[in-house]
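Novice: Could you have a look at this structure, given as structure tokens, before my questions?
The values are calculated or read from the model by the stated rules, or taken from the named source; none is laboratory data. Predicted model only: the values in this text are computed from it and were never measured. Ideal geometry is used to build each Cβ from the backbone, glycine not excepted, and the neighbour counts take in all protein chains shown. Calculation scope for accessible area: heavy atoms of the full protein, side chains included, ligands and nucleic acids excluded. Shrake-Rupley method; radii C 1.70, N 1.55, O 1.52, S 1.80 Å.
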Amino acid sequence: MYASREDIGYDFGDDSKVGSKPIKPNPNIDGGWAWMIVLSSFLVHILIMGSQMALGILNMEWLEEFNQSRGLTAWVSSLSMGITLIVGPFIGLFISMCGCRKTAIIGGILNALGWILSAYASNVHYLFLTFGVTAGVGSGMVYLPAVVMVGQYFQKRRALAQGLSTTGTGFGAFLMTALLKYLCTEFGWRNAMFIQGAISLNLCVCGALMRPLFPKDVVSEKHVVRSNSEDNQAKALSHSTETIKSNGVLSEEPEKKEEATNEEVLDSVQHTEMGGKSRSGKSMYGLRILKTVSQLTVTVRKGFAIWYSSYFGAASLFTNRVFVAFIIWALFAYSSFVIPFIHLPEIVKQYNLSSQNNIFPLTSIIAIVHIFGKVILGIISDLPCISTWNVFLMANFTLVTCILTLPLMQTYVTLAVICALIGFSSGYFSLMPVVTEDLVGTKHLANAYGIIICANGISALLGPPFAGWIYDMTHKYDFSFYISGLLYMVGIIFLLIQPCIQKKQPREKSMEEAQV
């Protein structure tokens with residue numbers, strides 16, 4: 001089985017081997033400010049994912065207020081959750097241009113604005129725009145940087161750090177549900193959304209905590225890469241400043257010329273600014289504006305080149321077959337986790353288990369065990385003798401088995417056991433950033449993980465309506481679990497097949513070369 005990205009023959013380069021001068025280890029790696037990053041990501045998961053898990057409270061208020069169908073009203077919540085994940089690739093472009101900190105702060109403002117504007121909604125369609133789109137895009141702009149920053153600050157304990165930060169989803173589900181219930185009861189749903197918008201401004205504080213990691217080392221590393229030999233130029237995705245030579249992206253030499261001209265413009269502006277102290281204030285103000293625009297132009301063009309090369313260049317992320325298989329898996333996986341939350345209450349009614357379920361709801365069992373699953377799987381994956389990839393696959397096999405067997409359980413105890421296993425095995429969500437980083441490297445984690453959560457978003461957006469359509473056709477909930485489970489199994493098979501193909505191809509090439 002796959003253990004690291006070297007095993008699948010997909011070389012993104014090794015940053016530690018580039019250049020002659022060794023870079024001193026940063027004290028904030030796996031310690032120091034890294035734990036503040038974990039805290040920031042934990043709070044982001046509470047405020048974003050926790051709030052989205054508690055939207056059922058507001059959904060009931062919207063049904064009563066606007067008197068629309070359940071299907072139409074449910075699209076408000078689905079849009080918000082789906083767009084949060086679907087915008088991932090575009091948020092990767094913002095991160096390449098502005099960095100994680102600025103992207104998260106802008107997203108926090110946009111998310112809060114979406115909540116506040118939704119308090120003045122006159123119909124459901126208004127909520128589509130304000131809450132579904134505006135708040136959803138803002139959530140995505142905070143969520144992706146929160147995951148990426150944890151991956152950048154941790155090396156030895158990445159899985160544990162991601163596990164601890166993502167437990168905020170479970171805690172947030174409890175906290176935000178109780179908070180929204182209280183606010184809606186005391187102040188009404190409109191004032192509740194206004195207050196929640198004010199609370200969401202704390203996302204800007206979380207974004208401010210996302211301090212960039214050793215920017216001086218990054219600059220010196222870029223300089224070393226450019227002065228290296230032509231052999232290192234083939235590793236186009238291992239360094240963000242190198243671009244592809246022929247496939248739609250500027251080659252390295254034009255990029256140098258372009259940067260040189262940009263630097264000349266900035267230098268000329270600085271010299272003019274220093275030599276023009278006797279000039280009027282208006283001309284100095286104009287020069288400062290020109291300098292700012294020039295710097296912004298350089299940043300935007302560099303960020304877009306990195307983003308474009310990651311998706312569409314010769315060394316695109318899509319040339320990694322295992323990563324493509326990972327995307328296919330993500331398209332089927334998330335809906336299999338969401339569907340039990342939707343259909344479990346109806347299954348409980350069907351088997352006359354409502355009295356027992358009211359004492360301790362099955363969905364609460366999933367949520368509680370899910371928290372422990374993320375932490376425990378993270379600790380296991382960080383053990384030196386354990387492969388993160390193998391833990392990830394075992395958790396997936398356990399989850400798909402539970403999804404397929406859940407309709408066969410007809411007592412509360414057996415359903416509770418299956419739900420506990422679903423909650424624990426779904427803790428692999430905390431391993432997804434770790435597996436993605438192993439596949440593509442830290443430098444491309446933002447763009448790569450953006451694609452993965454985009455696939456998850458499509459699954460979350462289309463999965464529940466698809467399950468509802470199956471129920472309308474068959475009038476049974478069983479088929480929703482069986483079909484989603486089988487599709488999920490197809491995604492897992494893709495993950496198993498591709499590493500074997502990747503290992504087999506280099507062997508075949510070497511045999512052909514030997515024969516020649």
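Novice: Could you check how much of the accessible area of segment 315-504 is carbon and sulfur, as a whole percent, using a 1.4 Å probe?
Specialist: Roughly 73 percent of what the probe reaches on segment 315-504 is carbon or sulfur.
Novice: Here's something else I'd like to know. Using the basic label-point model (7 angstrom from Cα toward the beta carbon), what is the Q68 to K156 distance in nanometres?
Specialist: That separation, rounded to one decimal, is 5.3 nm.
Novice: Additional query: Heavy-atom accessible area per residue, segment 67-124, 1.4 Å probe: how many Å²? Intermediate values should be presented prior to the final figure.
Specialist: Details: 2440 Å² over 58 residues.
Here the per-residue accessible area is 42 Å².
Novice: For the peptides 166-176, 450-460, what is the packing order when you average, over each peptide's residues, the other Cβ atoms within 10 Å and list the highest mean first?
Specialist: Details: 166-176: 22.2, 450-460: 23.8.
Taking the mean over residues of other Cβ atoms within 10 Å, the ranking is 450-460, 166-176.
Novice: Let me ask another. V490 label point, 7 Å along Cα→Cβ, cut-off 19 Å on backbone N: hits in segment 404-426?
Specialist: 404-405
Novice: Hey, can you rank 355-366, 92-103 by average C-beta count inside 10 Å, highest first? Can you show the working numbers first?
Specialist: Working: 355-366: 15.8, 92-103: 21.7.
The packing order, highest mean first, is 92-103, 355-366.
Novice: Further, regarding this structure: Hey, with R₀ at 35 Å, roughly what FRET efficiency would K349 and S122 work out to, going by the Cβ-Cβ distance, to 0.05? Intermediate values should be presented prior to the final figure.
Specialist: Details: r = 35 Å, r/R0 = 0.99.
That pair, K349 with S122, gives E of 0.50.
Novice: Here is a follow-up. Can you bin segment 393-479 into rounded, prolate or oblate? Criterion: square roots of the alpha carbon gyration tensor eigenvalues sorted a ≥ b ≥ c, rounded for a/c under 1.5, prolate for a/b above b/c, oblate for the rest. Mind showing how you got there, number by number?
Specialist: Details: a/c = 3.84, a/b = 1.62, b/c = 2.38.
The shape class here is oblate.
Novice: Let me ask something else. Rounded to the nearest 0.05, what FRET efficiency is calculated for M284 and M36 with R0 set to 45 Å and r the Cβ-Cβ distance? Working shown, then result.
Specialist: Numbers: r = 39 Å, r/R0 = 0.87.
For R0 = 45 Å, the calculated efficiency reads 0.70.
Novice: While we're on this one: When all protein chains stay in place, what accessible area (Å², nearest 10, 1.4 Å probe) is found for W469?
Specialist: 140 Å²
Novice: What is the distance, in nm, between label points placed 7 Å from the Cα along the Cα-to-Cβ direction at T474 and at F372?
Specialist: Using points 7 Å along Cα→Cβ, the separation is 3.2 nm.
Novice: Expected output is a single nm value to one decimal: the length gained when fully extending between V293 and F187, i.e. 0.36 nm times separation in residues minus the C-alpha distance. What is it? Present the calculation step by step, with values, prior to reporting the outcome.
Specialist: Details: separation 106, 0.36 × 106 = 38.16 nm, distance 4.62 nm.
The span from V293 to F187 would gain 33.5 nm if fully extended.
Novice: Roughly what percent of Cα-Cα pairs across segment 315-504 reach past 24 Å?
Specialist: Details: 7288 of 17955 pairs.
Cα-Cα pairs in segment 315-504 separated by more than 24 Å: 41 percent.
Novice: What is the Rg over Rh value, at two decimals, for segment 27-209, using alpha-carbon atoms and the Kirkwood definition of Rh? Mind dumping the intermediate values first?
Specialist: Numbers: Rg = 16.4 Å, Rh = 16.4 Å.
For segment 27-209, the value is 1.00.
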